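The values are calculated or read from the model by the stated rules, or taken from the named source; none is laboratory data. Being a predicted model, the structure only gives us computed values, none of them experimental. Cβ placement follows ideal geometry from the backbone for every residue including glycine, while neighbour counts extend to all protein chains displayed. For accessibility, only protein heavy atoms count, side chains too; no ligands or nucleic acids. Shrake-Rupley method; radii C 1.70, N 1.55, O 1.52, S 1.80 Å.
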Amino acid sequence: MKKILIIAIGVFTAGAVNAQTSSNSDAVKFGIKAGGNYSNIIKTNDDNFKTEYKPGFHAGLTMEIPIVSSLAFAPEIVYSQKGYKRTGTLGEYSVTTNFIDIPILAKIKAGNNFNVVVGPQVSFLASTTEKFTSGEQSFQNTVKEQNDNLKKSLVGGVVGFGYDFSQIISLNGRYALDLQKNNENGTSETPVYKNQVFQLGLGFKF
């Protein structure tokens with residue numbers, strides 16, 4: 001995990017230096033992004049464990065390294081809230097899993113101002129938060145013991161689109177799915193599952 005983070009930081013640092021020293025159309029573009037998440041889980045061992053989508057957010061750093069005129073290498077480092085919620089007779093229970101995602105994407109130009117992105121993603125679990133809401137009462141707890149039973153890093157895949165309003169502002173939409181399970185056995189409270197999340201946000205390039 002540390003090696004991947006170090007490599008990612010190194011790539012972004014090198015890209016930032018290149019962006020500062022180059023002024024042509026082939027320069028590396030550095031940026032930021034933020035937006036909303038709509039996440040749920042795919043259960044792999046218990047179909048009776050019913051869950052619903054829950055809202056969240058994401059924010060992070062982006063980079064675009066041109067390869068040819070219609071193709072670019074586009075790595076990112078993104079903080080992303082995932083998880084799910086359940087609604088019962090006593091109230092609503094939600095689980096938020098906070099991740100640091102590192103998508104390694106190919107950005108393909110598909111038309112005027114329109115592009116498609118696809119590639120693998122490595123996700124690192126930062127923390128897990130449970131929240132129970134019943135009527136006007138709400139209880140929230142950051143779960144440490146549950147994190148001990150979950151995988152700290154997961155490999156997944158990303159596919160999405162982008163639309164450039166200008167050379168600075170862009171709209172992007174993504175679907176990300178874990179290809180690995182959160183753990184091997186699961187419990188009555190935490191089933192074996194894979195994260196999935198839809199994202200919609202804005203990006204700003206420098």
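Structure above, values below:
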| item | result |
| --- | --- |
| Residues of region 102-131 satisfying the condition of being farther than 14 Å from G156 by Cβ and either polar (S, T, N, Q) or open to solvent by 70 Å² or more (accessible area, probe 1.4 Å) (or both) | I108, K109, N112, N113, F114, N115, S127, T128, T129, K131 |
| Residue match in region 187-198 (condition: closer than 22 Å to Y53 by Cα, in a strand (DSSP E or B), open to solvent by 80 Å² or more (accessible area, probe 1.4 Å) and at pLDDT 90 or above) | yes |
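Conditions (1) more than 18 Å from A34 (Cα to Cα); (2) of a type in the set (D, E, K, R), marked per residue:
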| residue | (1), (2) |
| --- | --- |
| V68 | yes, no |
| Y79 | no, no |
| R86 | yes, yes |
| P120 | yes, no |
| F124 | yes, no |
| N141 | yes, no |
| K151 | yes, yes |
